[in-house]
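All remarks here apply to the structure that follows.
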Amino acid sequence: MTRPENIIVLKDLYKHFGEVRALDGVNLNVAQGKVIVVIGPSGSGKSTMLRCINHLEAPTSGEVWIDGQQLGKNEKELNEIRTEVGMVFQLFNLFPHLTALENVMIAQKVVRGRSKSEARKIAMDQLNRVGIPEKADVHPSNLSGGQQQRVAIARALAMNPKIMLFDEPTSALDPEMIKEVLDVMLDLAKEGMTMVCVTHEMGFARSAADEVIFMDNGQIVEHTTPHDLYNNPKEERTKLFLSQILQH
């Protein structure tokens with residue numbers, strides 16, 4: 001099978017929660033190796049879109065394609081496709097009774113079927129990659145928020161995903177810890193990882209994004225480059241949003 005040009009394709013995606021249209025006809029193509037930053041006000045559908053990409057939320061209607069395969073067609077295929085998509089949340093979701101190393105090992109053994117020694121080696125490689133190999137034997141309660149989020153990123157990377165999704169990964173962190181997490185994300189971007197990041201960190205959007213999406217009311221209002229977003233936003237809603245957040 002030839003590799004599709006776009007590793008993520010969303011076609012006419014709708015997601016309703018009762019009367020609320022969280023997603024209202026979203027279309028999006030993400031090329032392999034691109035970094036897409038998604039911005040927009042709270043409740044605009046950003047996180048719902050991410051959760052539909054890896055089928056944590058099943059769309060009400062529309063299609064989600066990952067690396068040439070449509071999600072939701074059958075359960076076995078769905079689980080296989082989902083292992084190709086790593087996700088990092090606002091909250092770190094680490095197992096408190098496991099060390100950092102064990103947290104990075106566990107899904108490798110359960111989902112990928114790796115041996116303990118192989119999972120351990122890969123886990124150490126990834127903790128090294130995110131800059132905290134010395135924290136391998138430390139439990140989450142003894143790690144800072146920034147360190148916990150880096151363990152969560154290492155855990156996702158250990159599964160060798162083709163795509164990384166980030167849902168406001170720095171919003172629960174103290175300001176001085178934000179940079180250490182963004183630095184890891186910047187390194188991933190430079191390595192060519194396909195990433196879709198929901199974030200309020202406009203500096204990250206400027207320095208790492210290939211494309212920026214502005215969402216409002218469940219729709220993609222503007223899809224452009226960081227340069228054009230900052231210097232020449234086309235939509236009034238985009239201009240209003242940027243004027244509010246760039247003042248702070």
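The values are calculated or read from the model by the stated rules, or taken from the named source; none is laboratory data. Note that the structure is predicted; figures quoted are calculated from it, not measured. Don't worry about glycine lacking a Cβ; one is built from the backbone with ideal geometry, like all the others, and counts go over all protein chains shown. These accessible areas exclude ligands, DNA and RNA; they are computed on the full protein's heavy atoms, side chains included. Shrake-Rupley method; radii C 1.70, N 1.55, O 1.52, S 1.80 Å.
Kindly check whether there is at least one residue in region 109-131 that is touching a strand residue (DSSP E or B) at 6+ places or on another chain (Cβ under 8 Å), free of Cβ contacts under 8 Å to residues at least 40 places away in the same chain and open to solvent by less than 30 Å² (accessible area, probe 1.4 Å). Show your work before the answer.
Here is the first cut: in region 109-131, the ones touching a strand residue (DSSP E or B) at 6+ places or on another chain (Cβ under 8 Å) are none.
No, region 109-131 has no match at all.
Those residues that are modelled with pLDDT of 85 or more and among the hydrophobic types (A, V, I, L, M, F, W, C), I need them from region 52-89; list them, please. Spell out the reasoning first.
Initial filter on region 52-89 (modelled with pLDDT of 85 or more): 52-70, 84-89.
Scanning region 52-89 gives CYS52, ILE53, LEU56, ALA58, VAL64, TRP65, ILE66, VAL85, MET87, VAL88, PHE89.
Tell me, yes or no, whether region 207-216 has at least one residue that is over 21 Å from VAL26 (Cα atoms) and either at pLDDT below 95 or in contact with a helix residue (DSSP H, G or I) (Cβ under 9 Å, 6 or more places away or on another chain) (or both).
Let us first name the residues in region 207-216 that are over 21 Å from VAL26 (Cα atoms), namely 207-208.
Next cut, either at pLDDT below 95 or in contact with a helix residue (DSSP H, G or I) (Cβ under 9 Å, 6 or more places away or on another chain) (or both) only: 207-208.
Yes, region 207-216 contains a residue that is over 21 Å from VAL26 (Cα atoms) and either at pLDDT below 95 or in contact with a helix residue (DSSP H, G or I) (Cβ under 9 Å, 6 or more places away or on another chain) (or both).
Which of (1) open to solvent by 30 Å² or more (accessible area, probe 1.4 Å); (2) at pLDDT 95 or above; (3) closer than 30 Å to ILE213 by Cβ is the odd one out, the single condition VAL196 does not satisfy?
With (1) open to solvent by 30 Å² or more (accessible area, probe 1.4 Å); (2) at pLDDT 95 or above; (3) closer than 30 Å to ILE213 by Cβ applied to VAL196, the lone miss is (1).
Which of the residues belonging to region 221-248 are open to solvent by 90 Å² or more (accessible area, probe 1.4 Å) and under 17 Å from GLY203 (Cβ atoms)? Outline the logic, then answer.
First pass over region 221-248, keeping only residues open to solvent by 90 Å² or more (accessible area, probe 1.4 Å): 227, 231, 234, 236-237, 240, 244, 247-248.
Correct list: HIS227, ASN231, GLN244, GLN247, HIS248.
Out of everything in region 132-175 that is under 14 Å from MET87 (Cα atoms) and of a type in the set (Asp, Glu), what residue ends up being surrounded by the fewest Cβ atoms within 10 Å (Cβ to Cβ)? Step through it out loud before you land on a result.
First pass over region 132-175, keeping only residues under 14 Å from MET87 (Cα atoms): 149-170.
Narrowing further to those that are of a type in the set (Asp, Glu): 167-168.
Values: ASP167: 21, GLU168: 19.
Out of the qualifying residues, it is GLU168.
Does THR194 fit the bill of being polar (S, T, N, Q) and within 17 Å of the chain's Cα centre (by Cα)? Outline the logic, then answer.
Numbers: polar (S, T, N, Q): yes; within 17 Å of the chain's Cα centre (by Cα): yes.
Criteria met by THR194.
Select the strands (runs of 3 or more DSSP E) contained entirely in region 1-89, then report the ones holding at least 1 residues which are without any contact (Cβ under 8 Å) to a residue 12 or more places away in the chain.
Answer list for region 1-89: 6-17, 20-31.
Looking at region 180-204, which of its residues are touching a Cys at 6+ places or on another chain (Cβ under 8 Å) and aliphatic (A, V, I, L, M)? Explain how you work it out, then say what you get.
Within region 180-204, the subset touching a Cys at 6+ places or on another chain (Cβ under 8 Å) is 185, 204.
Selection gives MET185 alone.
Any residue that is closer than 28 Å to ILE245 by Cα and in contact with a strand residue (DSSP E or B) (Cβ under 7 Å, 6 or more places away or on another chain) - is there at least one of those in region 53-63? Before you say what the answer is, go through the steps one by one.
Kept after step one, since they are closer than 28 Å to ILE245 by Cα, are these residues of region 53-63: 53.
Now drop any that are not in contact with a strand residue (DSSP E or B) (Cβ under 7 Å, 6 or more places away or on another chain), which leaves 53.
Yes - at least one qualifying residue is present in region 53-63.
Residues in region 73-94: is at least one out of contact with any Leu (no Cβ under 8 Å at 6 or more places or on another chain) and open to solvent by less than 20 Å² (accessible area, probe 1.4 Å)?
Scanning region 73-94, I find no residue that is out of contact with any Leu (no Cβ under 8 Å at 6 or more places or on another chain) and open to solvent by less than 20 Å² (accessible area, probe 1.4 Å), so the answer is no.
So, GLN148, is that one in a helix (DSSP H, G or I), in contact with a helix residue (DSSP H, G or I) (Cβ under 6 Å, 6 or more places away or on another chain) and in contact (Cβ under 8 Å) with a residue 40 or more places away in the chain or not? Write out each step before concluding.
Working: in a helix (DSSP H, G or I): yes; in contact with a helix residue (DSSP H, G or I) (Cβ under 6 Å, 6 or more places away or on another chain): yes; in contact (Cβ under 8 Å) with a residue 40 or more places away in the chain: yes.
Yes; evaluated as a whole, the condition is true for this residue.
Any residue at all in region 15-33 that is of a type in the set (A, V, I, L, M, F, W, C), open to solvent by less than 20 Å² (accessible area, probe 1.4 Å) and under 30 Å from PRO140 (Cβ atoms)? First the steps, then the outcome.
Start the filter on region 15-33 by keeping residues that are of a type in the set (A, V, I, L, M, F, W, C), which leaves 17, 20, 22-23, 26, 28, 30-31.
Still in the running and open to solvent by less than 20 Å² (accessible area, probe 1.4 Å): 22-23, 26, 28, 30.
Subsequent filtering for residues that are under 30 Å from PRO140 (Cβ atoms) retains none.
The answer is no, given that none of the residues of region 15-33 is of a type in the set (A, V, I, L, M, F, W, C), open to solvent by less than 20 Å² (accessible area, probe 1.4 Å) and under 30 Å from PRO140 (Cβ atoms).
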